[in-house]
Every structure is written in C-alpha cells, then in structure tokens.
1. Okay, helix-only estimate at 222 nm for the chain: each DSSP H run of n ≥ 4 adds -39500 (n - 2.57), divide by all residues, round to 500 deg cm²/dmol; what do you get?
2. Quick one: accessible area per residue over the range 52-133, 1.4 Å probe, rounded to a whole number of Å²?
3. Could you tell me what percent of the accessible area of the chain is made up of carbon and sulfur, with a 1.4 Å probe and every protein chain present?
4. For the pair GLU171/THR31, report the inter-label distance in nm, with labels modelled 7 Å from Cα in the Cβ direction.
5. Only sites in a loop by DSSP and with at most 15 other Cβ atoms within 10 Å count here; which trypsin sites (Lys or Arg not before Pro) in the range 64-168 make the cut?
6. Determine ³J(HN,Hα), in whole Hz, for all residues of the range 207-218 in sequence, where each value follows from phi through the Karplus function 6.51 cos²θ - 1.76 cosθ + 1.60 and θ = phi - 60°; x replaces Gly and Pro.
7. Compute the length gained on full extension between ASN54 and SER90: take 0.36 nm times their separation in residues and subtract their Cα-Cα distance, giving the result in nm to one decimal.
8. Compute from the Cα atoms of the range 136-259 the Rg and the Dmax, the latter being the longest Cα-Cα distance, and quote both in angstrom.
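The values are calculated or read from the model by the stated rules, or taken from the named source; none is laboratory data. In this text, all values refer to a predicted model and were calculated from it rather than measured experimentally. Note that each Cβ is placed from the backbone with ideal geometry, even for glycine, and that neighbours are counted across all protein chains shown. Note: areas computed on protein heavy atoms with side chains; ligands, DNA, RNA excluded. Shrake-Rupley method; radii C 1.70, N 1.55, O 1.52, S 1.80 Å.
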Amino acid sequence: MSRTDHSEERAADAAVQPVVELSNVDFGYTTTPVVEDISLRIDSGEYVAVVGPNGSGKSTLMKLMLGLLRPDTGETRLFGEASHAFDDGSRIGYVAQHASASKEMPITVREVVKMGRFPHVGFGRLSDADHRIVDDALETVGMASFANRRVTKLSGGQRQRAFIARALAGEADLLVLDEPTVGVDAESVDAFYDLLESLNEDGITILLIEHDLGAVTDHARRIVCLNREVYFDGPTDEFVESDALARAFGTAATFVGGT
Ligand code: ADP
C-alpha cells in the first residue's frame with residue numbers, strides 16, 4: 001500500500017472515530033460510586049449538553065472524559081486514544097466556570113489568544129500566519145476591539161469569549177465548557193450561546209456542562225441527563241417530552257425559558 005493510501009485511510013478513520021467514547025465507566029473518589037456504568041459516545045460535529053442536579057457527577061464525568069481522572073472500571077477514549085494517554089491538548093479547548101484562572105493574570109486578551117498558538121510553534125516566534133489566526137479568532141468571537149484590554153478588566157461574558165478565541169487559535173476540534181455562563185448577564189448569555197451555535201455549525205464539537213436547563217434545551221441538539229447514572233441520552237426535543245428530568249432532578253424541576 002502506498003503512503004497516499006495510508007494517509008487516506010487515516011483521514012477516513014478520523015472521520016468515523018468518535019471524539020469521546022466511554023464504555024461501562026464506574027468511578028468514585030472513595031468507595032462510594034460517583035458515576036456508575038456510563039457508556040456514551042460523542043461524534044465529531046455534535047453539540048451535547050450534560051445536565052444534572054448539583055453533585056450528580058457532571059464535572060467528574062468531564063474529568064474522566066478528558067483523562068484527568070481514570071475510571072475504576074471501564075474505558076474512556078479521546079479521539080480514539082485512551083483518555084489518560086492522550087497528549088494533543090491543542091485539539092481540546094477547555095473553558096472553565098468563570099474562567100477563574102484568568103482573573104489574576106495581568107495580561108491582555110490578545111496575549112491570552114496567542115497562547116493558543118504555542119503548541120503549534122513550540123518555543124519559536126509566532127509567524128505572520130499565526131498572528132492572522134489570532135486576529136481571525138478574536139474577530140470570530142467579537143473581541144477584536146478588546147484585543148489590547150487586560151483580561152482582568154473584562155466582564156464575565158467577554159472573558160469567556162477570550163478563552164473561546166484561545167481555543168480557536170489553537171485549532172481545537174472539541175470545545176468543553178463547564179457551566180460557562182455562571183455570573184454572566186442574561187443578554188450576554190444569549191449572545192454567548194449564539195456564538196457556540198455558529199462555531200458548531202462551522203464543525204467544532206461542543207460538550208457543555210450546564211445547570212441552566214432553559215439554555216441547553218434552547219441550544220444543544222443532544223442531552224445527556226445524569227444523576228450518578230445516565231437517565232437520558234438523546235435528542236433535546238425527546239428529553240423535553242420525557243420524564244427523565246423529574247426522575248433525575250426530583251419532581252420540583254421545571255424548564256425555565258426552555259423550548
Ligand atoms: P456536579 O458537577 O454534578 O456538581 P461533581 O462531579 O462535582 O458533581 O461531584 C459529584 C460527587 O463527587 C459529589 O458528591 C461531590 O461531593 C463529590 N466530589 C467531587 N469532587 C471530589 C473530590 N475531589 N474528592 C471527593 N469527592 C468529590
């Protein structure tokens with residue numbers, strides 16, 4: 001088989017390779033299980049929200065997916081590799097709650113976004129092409145006019161956009177967001193979800209952990225509803241019609257501003 005055949009084969013593999021795959025995963029910090037028998041697969045181009053009450057294991061599940069925790073039993077894979085062994089961090093853009101790590105950093109938005117290029121250039125200087133990628137990322141998230149502003153001077157929503165721009169500059173395939181709109185004002189939240197939707201339309205896979213059910217049912221295409229176990233995994237409209245919400249959250253839960 002020629003080299004070309006091999007590279008075509010790899011490209012074909014990548015197209016069918018799940019971005020995230022969990023098989024029969026159990027995990028507990030102590031002997032008490034926090035997540036149990038989780039099997040799920042996220043394919044390239046999906047927009048998936050993981051929902052569940054506080055303490056239901058959402059953040060733990062995300063850490064397992066990303067290989068930050070190892071399952072007690074079962075397997076987790078990222079882009080086809082065992083998650084704990086996966087080392088191409090630039091393929092994953094992670095946006096934390098409050099993007100809190102940035103709060104103390106006295107650096108500008110552009111400097112944050114430039115960090116996205118570092119895995120691609122090593123210790124070398126950024127080329128003109130790298131700077132163009134940074135500019136495009138700033139433009140895409142609507143932060144070009146804030147490029148020289150310090151991250152500490154941004155609103156919550158602007159800060160989250162800056163971190164998304166960093167992921168875009170790094171050419172991430174998967175964007176993982178952990179309750180990204182906590183503390184962000186309502187108008188900016190809508191604009192933020194519109195941005196995620198357009199990035200997803202451009203082909204980025206989105207994995208969102210969210211407590212705001214209205215926001216996820218308005219935007220995500222697939223819902224995984226968790227409370228230690230998976231109570232529901234399927235299209236958003238079927239989730240809204242199902243009783244999974246009441247079962248996972250208790251009967252008091254309702255959709256606020258949802259579909
Ligand atoms: P969620 O993100 O849905 O709020 P978490 O995954 O943070 O849920 O937590 C699930 C359970 O695991 C909770 O009971 C929480 O107290 C516990 N837990 C989370 N992190 C740790 C930790 N580092 N050590 C021990 N227990 C933890």
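1. On the way: 10 runs with 95 residues, N = 259.
Helix-only estimate at 222 nm: -10500 deg cm²/dmol.
2. Working: 4460 Å² over 82 residues.
The answer is 54 Å² per residue.
3. Working: 6020 of 12870 Å².
Carbon and sulfur together cover 47 percent of it.
4. A separation of 5.0 nm, rounded to one decimal place.
5. Values: sites: ARG77, ARG91, LYS103, ARG110, LYS114, ARG117, ARG125, ARG132, ARG149, ARG150, LYS153, ARG159, ARG161, ARG166; in loops: LYS103, ARG117, ARG125, ARG149.
In loop regions of the range 64-168 (DSSP not H, G, I, E or B), the sparsely surrounded trypsin sites (Lys or Arg not before Pro) are LYS103, ARG125, ARG149.
6. Once θ is set to phi - 60°, the couplings for the range 207-218 become 10, 10, 9, 8, 9, 7, 5, x, 4, 6, 6, 6 Hz.
7. Numbers: separation 36, 0.36 × 36 = 12.96 nm, distance 2.96 nm.
Gain on stretching ASN54 to SER90: 10.0 nm.
8. Looking at the range 136-259, its Cα Rg and Dmax stand at 15.8, 48 Å.
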